[in-house]
Structures are given as C-alpha cells and as structure tokens.
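This report refers to the structure that appears directly beneath it.
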Amino acid sequence: MVDIKFMLDVVMKQRQFKSQDHWNRKLLEAHQQRMVHSLRRHAYENSPFYQQFHTGLYDAPLDQLPALTKAHMMNQFDSLVTDRAVHLEDVKKYMEDQERSHYFLGRYVINATSGSSGHPAVVLWSRGEWAATMASAFARTPIPFSFIQKRKLAQIASTTTFHMSAQGGTSAQNLLMPTLLLAATEPLGSMVRRLNDWQPDLLIVYASMGRILADEQLAGRLKIAPQTVMVGSEVLTAETRRRIEKAWGKPVFNNYAATEAGGIAIECDQHRGMHVMEDLVMVENVDKDNQPVPPGVFGDKLLVTPFYKRMQPLIRYTIEDRVRFSSEPCPCGRPFKLIDAIEGRIQEVLSFPRAGGGEVRIHPLIFHNLLDMLPVSGWQVVQETDGLHILLAHGHGALDDSQIESSMKNALATQEAVAPRIQVQRVDAIPQTIAGKAPLVKSNLASASH
C-alpha cells in the first residue's frame with residue numbers, strides 16, 4: 001500500500017535539504033546550534049536517561065558532554081527513548097511476530113544491526129524521522145527521484161527485514177520507484193541473471209559486491225548499463241573504484257551511513273571526498289580520549305548527534321570508524337566538510353606483538369596497499385589464533401602464494417610487528433556476514449577467547 005502522507009513528507013523535506021546546499025558556513029553553524037539546542041531540550045524534558053546522564057551539564061557545550069556507546073544505549077533503552085509507551089521487550093516481540101503490522105505501535109520504523117561487533121543495536125524512527133532519512137538520500141545522493149520519470153533501481157545488500165538497507169529499499173518501493181531488492185548472499189549466477197532481466201538505471205551495492213559485479217560485466221556475463229553506481233557500507237578501495245568505473249564507464253558515488261544515525265556523508269559530482277551532511281547530523285572526529293583531531297589526521301572514532309532523531313535521541317553517539325577530514329574545501333561550493341578517507345572500523349585494526357616487546361597496532365591500509373592490486377575478485381585478511389589467513393577469491397592471472405606471504409611478512413616487519421604464521425588460501429568466494437557484507441580485514445581472536 002502506498003503511504004501518500006509519507007510520500008509528500010519525503011518530497012517536502014527533500015526540497016528543504018536541497019535548498020540548504022546553498023548555505024554559507026555561517027548559516028550552517030547557526031542552524032547547527034539551534035538544532036542541537038532543540039534536541040537537547042527535548043531529551044531533557046522527555047528522556048529519564050538523559051536527565052541523569054547529563055546531570056549538571058544541561059547548559060554545557062556539546063563537546064563537554066559524555067559520549068554514548070551502543071552498549072549503553074541498549075542497556076538503558078527504555079529510559080532513553082522519549083515515548084514512554086515504547087519498551088525494548090515489546091519491540092523484540094514485534095520483530096519476532098511474523099504477522100506484524102508495517103509500523104511498530106502504528107508509528108515507528110525499526111532498524112537493527114546484526115551485532116557482528118558484539119553489541120546488536122535496535123533503532124526506532126518515527127515516520128517523520130524516517131521521511132527525513134529517505135529525503136536526505138534523494139537530496140544528497142545521485143538517486144533520481146521523480147513521480148513522472150520512473151528510474152529502475154537495483155539494490156544489492158542485506159534483505160534481512162530490519163536491516164537499514166532493506167528498510168530503505170522497501171521505502172523506495174513505497175515511493176513508487178521500481179526497485180529490485182537482491183540479497184548480497186544470493187548465488188552470483190542467479191544475481192547476474194536477475195540483473196540482466198531487470199536492467200537497472202541505478203545500482204546500489206556494497207563495495208565488495210560492486211567489485212565482483214564489475215568483474216562479471218568485464219567478462220561479458222553481466223550486461224547492464226546503469227547510469228549511476230553508488231556504493232557504501234564497506235571501505236571503497238582505489239582498485240575497487242577503478243574496476244567499477246572501467247566496467248560501466250561512470251564515476252562511482254561513495255556513500256557513508258550508519259544504522260543508528262542514517263546518512264552521514266556522500267560524494268558529489270566532484271568526487272573529492274564525501275560531504276558530511278552537517279545540516280542533518282553533527283559529526284565530531286576525535287581521538288581515543290574524545291578530543292578533536294584536526295583535518296588531515298585520522299581520528300580513532302566519530303561522535304555523531306543526529307538532529308532529527310527525537311524519539312531515540314543520540315547525543316555524541318560513538319561510531320568506531322577511523323576517518324579523516326579534508327583540509328581543503330570542495331570546488332562544488334557546498335558548505336559541508338569533506339571526509340577524504342576512511343580506514344574502516346576500529347575493530348579492523350589488528351594487534352601484533354612488537355619486536356622488542358609490547359604491542360603494535362596495524363591499520364587496514366597496510367593490507368589494502370599490498371593486496372588491492374592483485375588480480376582477484378576479492379580478498380580478506382583474517383587473524384586467527386594459528387596465524388594470519390589471506391583469502392583470495394577468483395584469481396585472474398598468475399599468483400605466487402609464497403611471494404604474497406613473504407611480502408606480507410615484510411610489510412608487518414616494517415611496522416615493527418612480529419609476524420605470525422601467514423597462509424594464503426584460495427576460495428570460491430569471500431565469506432560474508434549475516435548482512436551480506438565482506439569485511440576486508442577482521443580478527444577472530446576475541447571470539448576465540450570466549
């Protein structure tokens with residue numbers, strides 16, 4: 001059933017957000033101050049959690065407030081939300097109900113993470129808040145949206161009911177956009193056939209799946225001609241971007257979002273980095289002690305404050321991604337800061353014994369630089385108790401496993417790390433998470449210790 005009121009809300013908010021692209025920095029910062037003040041006032045009036053969490057800090061600057069973690073949010077769920085009719089146990093029962101209505105309590109959209117990082121999250125959006133999230137997607141991304149000129153969308157991501165991408169795809173269908181939703185875990189042959197039949201104008205994929213499909217296109221098995229290709233949810237490496245652009249002859253638009261906060265940043269047609277949607281969310285790039293880091297320097301995590309989330313306010317919410325803000329403005333003229341690099345989740349930073357004692361942390365970029373140019377459709381570095389496993393999928397040319405192992409050992413040595421046993425493994429496909437993602441770097445040491 002088409003929700004006309006929701007559609008009109010999306011259209012109105014889309015127009016509003018597009019107009020804000022033309023602000024200058026002074027207007028933007030004044031807007032941010034108003035939105036943060038309004039959000040905090042709402043939280044202090046309606047959330048018992050924030051009344052206690054921010055005791056004595058009601059008038060303090062935002063950067064002096066304590067950070068909120070996912071575990072803390074979930075442990076205090078019932079007292080954090082501002083609707084006293086909402087209880088976590090009822091939400092869980094609703095999610096398990098096979099005959100549930102479209103909206104929880106008739107008014108809330110639910111997103112949930114798989115919990116792959118150890119702390120699953122449940123996030124509620126009012127219909128108005130979800131309309132703002134969808135509107136930002138159409139206003140700030142290259143997704144063409146028109147009630148008159150229909151563009152066919154193919155989205156390949158998680159189709160798990162409460163995953164953010166699945167909810168977004170369903171909402172796109174409700175907005176009368178012809179949409180093909182495919183699970184990233186679907187067999188590749190079936191995926192190629194269905195895409196060939198659908199012939200999408202717009203393709204939205206995980207970065208790792210975009211690389212695989214680009215190889216299928218270059219091999220002549222996939223025969224589609226999307227006008228726009230957008231990737232997200234995973235680190236987009238330079239080689240993956242190159243292959244996708246070679247396959248379809250179109251520049252790739254990189255997108256950065258989080259289940260809890262919605263859209264955070266998106267590339268414009270200048271492709272100098274991703275514009276942070278600073279009129280919709282405050283994003284602080286900080287070190288491990290929550291102190292700000294300057295442009296040009298990677299932080300240890302982000303603290304995000306979405307302005308439009310009033311039902312489940314997230315004030316200085318921790319997202320453990322290592323990102324770098326650019327020190328240069330974008331030529332497009334938008335007032336928003338640019339993210340020019342993402343190293344990935346802090347969980348993807350591997351630790352090894354340091355030569356001479358102690359411990360050294362190896363960032364994913366070390367592995368990207370070594371493995372990304374290999375003629376394979378995918379790769380993954382997995383840290384296990386018995387050493388480091390390098391998974392390579394569908395090699396296209398001559399590969400010397402022993403040379404790869406030796407190069408990896410040397411790369412670790414340059415970082416003063418004591419290299420463990422290193423083993424290259426050829427696989428048919430890179431293992432995916434329950435959401436269909438294929439992280440490039442992961443450690444199984446923590447799970448092995450339990």
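Taken together, the values in this text are just the output of simple stated rules run on the coordinates, not laboratory data. In this text, all values refer to a predicted model and were calculated from it rather than measured experimentally. So basically every Cβ, Gly included, is an ideal-geometry build from the backbone, and we count neighbours across all protein chains shown.
For region 349-448, the Cβ-based charge dipole about the Cα centre amounts to some 220 debye (Lys, Arg positive; Asp, Glu negative; other atoms uncharged). Here the spin labels are modelled as points 7 Å beyond Cα on the Cα-Cβ line, and at Ser19 and Arg426 they lie 6.1 nm apart.
Glu328 sits among other residues whose Cβ lies under 11 Å from its own Cβ, and their net charge, with Lys and Arg +1 and Asp and Glu -1, is +1.
Mind running the shape call on region 1-71? Use the C-alpha gyration tensor, a ≥ b ≥ c as the square roots of the eigenvalues: rounded below 1.5 for a/c, prolate if a/b tops b/c, oblate otherwise. Verdict is oblate for region 1-71. Among the GluC sites (Glu not before Pro) in region 17-116, those located in a DSSP loop and surrounded by at most 11 other Cβ atoms within 10 Å of their own Cβ are Glu99.
With both residues required to sit in the chain, DSSP beta bridges show an antiparallel share near 60%. For the chain, the residue among Gly356, Val323, Gly210 whose Cα projects farthest onto the positive side of the dipole built from Cβ charges is Gly210.
Per-residue ellipticity at 222 nm computed for the chain from its helices equals -10000 deg cm²/dmol, with DSSP H segments shorter than 4 residues left out and the rest contributing -39,500 (n - 2.57). The modelled label-to-label distance for the pair Met373/Ala341, using points 7 Å beyond Cα in the direction of Cβ, is 1.7 nm. A Förster distance of 25 Å, applied to the separation of the beta-carbon atoms of Ala413 and Arg361, puts the FRET efficiency at 0.95. If you take all other residues with their beta carbon under 14 Å from the beta carbon of Pro61, and give Lys and Arg +1 and Asp and Glu -1, the sum is -2.
A simple rule links phi to the HN-Hα coupling: the Karplus curve 6.51 cos²θ - 1.76 cosθ + 1.60 with θ = phi - 60°, which for region 421-429 gives 5, 10, 9, 8, 10, 8, 10, 6, 7 Hz, with x for Gly and Pro. Counting neighbouring beta carbons within 10 Å and listing from fewest to most, the residues Asp428, Asp201, Asp97 come out as Asp428, Asp97, Asp201. Note on Gln52 and Tyr94: the model spin-label points, each 7 Å out from Cα along the C-beta direction, lie 2.4 nm apart. With a Förster radius of 35 Å applied to the beta-carbon distance between Leu105 and Val36, the computed FRET efficiency rounds to 0.80. Taking the chain as a Gaussian network, Cα atoms linked when under 10 Å apart, which of Gly189, Gly128, Gly232 shows the biggest mean-square fluctuation? Looking only at Gly189, Gly128, Gly232, the biggest GNM fluctuation is shown by Gly189. Which entry in (i) 62, 56, 49; (ii) 83, 55, 47; (iii) 93, 47, 38 matches Cα extents along the principal axes in Å derived from the coordinates of this structure? Of the labelled values, this structure produces (i).
Count Lys and Arg as plus one, Asp and Glu as minus one, and take only other residues whose Cβ is under 15 Å from that of Glu96; the net charge is then -1. Taking the centroid of alpha carbons for each part, region 66-82 and region 224-292 are 27 Å apart. Counted by neighbouring Cβ atoms within 10 Å, the residues Lys250, Lys223 run from fewest to most as Lys223, Lys250. For the chain, a Gaussian network of Cα nodes joined below 10 Å ranks Leu391, Leu105, Leu236 by mean-square fluctuation, and the top entry is Leu105. Taking the Cα centre of the chain as reference, the dipole from Cβ charges on Lys and Arg (+1) and Asp and Glu (-1) amounts to some 1120 debye.
Tell me, in nm to one decimal, what length is gained between Tyr44 and Arg242 on full extension, where the rule is 0.36 nm per residue of separation less the Cα-Cα distance?
66.5 nm
In summary, the aspartates and glutamates within cross-link reach of Lys288, defined as a Cα separation below 19 angstrom excluding same-chain residues under 8 places away, comprise Asp63, Asp300, Glu320, Asp321, Glu343, Glu348, Glu359.
Which of rounded, prolate or oblate describes region 349-448 when judged by the alpha-carbon gyration tensor and an a/c cut-off of 1.5? Taking the square roots of the gyration eigenvalues as a ≥ b ≥ c, region 349-448 is oblate.
The Cα atoms of region 193-316 give a gyration tensor whose axes a ≥ b ≥ c have a/c of 1.5 or more with a/b greater than b/c, which makes the shape prolate.
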